[in-house]
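Remarks on the structure that follows.
The values are calculated or read from the model by the stated rules, or taken from the named source; none is laboratory data. Given the structure is predicted, the values throughout are model-derived calculations rather than measurements. Note: ideal-geometry Cβ built from the backbone for every residue, glycine included; neighbour counts use all protein chains shown.
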Amino acid sequence: MDGSRRKRQRRRPRPPSPQAEPSPTELTALGQREVSVAERPFKKTCHSSVSTSSTMCEPHVWPGLMDSMLHQIIALLSSFQDLLAFSGTCRSWRAALSSFPSIYTFTFPPLHLKPDIPNSHPHCSSFRYTLLYKCRWQLGDPSKRTLSLRCSAPQNTPNRMRYLGCSYGYLIFSYYENCLLVDMYTGAKVKPPKLQSAGNKETYYGILTAPLNLPISHLLLCSRSSIFYWQVGTNSWSEHPFGGERILQIVLFKGEFFAMDFHHRLHTMRFAPQLSMQEVGVVWGEEMFVGVHFKPWLVISGDMLLMLDLSVGIHHSYGFPGTFQVFRLDFSAQTAKWMKMEKLENSALFVSLDRRNPTFSCTNPERWGGKSNCIYVAKPSEDSDEPWTAVELGQPIPGATHCVPYSHPLLRTEGHCSQLEYLWVLPSFINGVDQ
């Protein structure tokens, strides 16, 4: 009797078998290919970029998982290849990426972009133009050192463009009234309308306020006298006069935009009903000496807004060591205050020399071969074969202890670089751009 009952029980669907690690060629296809698979007797359609079994398309099993559960799965992924497989499972799983809460932090590192631009002089104080049709770069994954992807800008693009920053997986360029966004993963381009203004030649910073597919997305271009903003999908720009200091970096933290200027003052930015900026009152500790030698970075790490500073001191044994220090903005008091952090605990930070490029944080980096309490700078060190530089918080920068001050590659930056530089990136589809 018991045996017959067991025979009548329905078998539970098995979870999908793990996929083999993709080759570099397959890695390219994963980011661009979408295959529709319809399985009988179910009418559910899955859109997948990897081979899909019928069990993955069963209704109310894999596509029907709640976003809260999918977010917990995302938080456990240990490599970018895992994320590609996750996003290729079905459309609902890919949609969960765009709603991934900021309180979570990815447990895998961002991709490393290595530019291949001839005659590049990134430390020149004046802006230089890039021959965009010659602009190429290589994407590497710190968690999968053997995999890489070579990309290039579209061929039918304006010859000379000025690099303005990277945002939501897009490289932003401009040349007089022309502006161009290039997807750093697929090479696809987006061309906004021409910018008609006498001040457009002075633009030095570009950033997206949201992924391109969202109706609230705007492209901001900053100049010395104005901030121009274009609502994606419209045919014209708006101009907001701006007489403040040059903006060093803009980040989105808990639904609010924070901008730091070149004097290290913090501002909030709002876009409705019109663009406005307001300085944030912040208390600085008596022993805080930030930005004395170099411009700081703003980094979002989970539910914390951090400021990363690089300073150079004089030591009788180490010569002129460059070291990083981190401060957390404490909002608990009536007036916000920067509080120094002695350790990053189980987190690592990712920054590039150009402050207009995105910054990232990663928890439990040991899962992919990284190290906690470290800062990963996208720029490689000249005396190392590593494609980037890893520095433990509070420890001297490798190779910078006995050199002449500011001669180390990491100690030669003014906040904004003149051309496309080494940087950390995440593709646009992670933000739901190509859903």
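Below is a table of values for the structure above.
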| read-out | value |
| --- | --- |
| Residue match in the stretch 319-331 (condition: under 28 Å from residue 244 (Cα atoms), modelled with pLDDT under 90 and under 28 Å from the mean Cα position of the chain (by Cα)) | no |
| Residue check, residue 134 over 22 Å from residue 219 (Cα atoms) and more than 19 Å from the chain's Cα centre (by Cα) | yes |
| Extreme residue, modelled with the lowest pLDDT, among residues of the stretch 289-298 that are buried (at least 16 other Cβ atoms within 10 Å of the Cβ) and part of a loop (DSSP other than H, G, I, E, B) | 291 |
| The stretch 263-288, subset among the hydrophobic types (A, V, I, L, M, F, W, C) and over 25 Å from residue 342 (Cα atoms), residue modelled with the lowest pLDDT | 272 |
| Check on residue 135, at pLDDT below 90, touching a Gly at 6+ places or on another chain (Cβ under 8 Å) and buried (at least 16 other Cβ atoms within 10 Å of the Cβ) | no |
| Leading residue by the ranking (surrounded by the fewest Cβ atoms within 10 Å (Cβ to Cβ)) among those in the stretch 353-396 that are hydroxyl-bearing (Ser, Thr, Tyr) and assigned to a loop (DSSP other than H, G, I, E, B) | 384 |
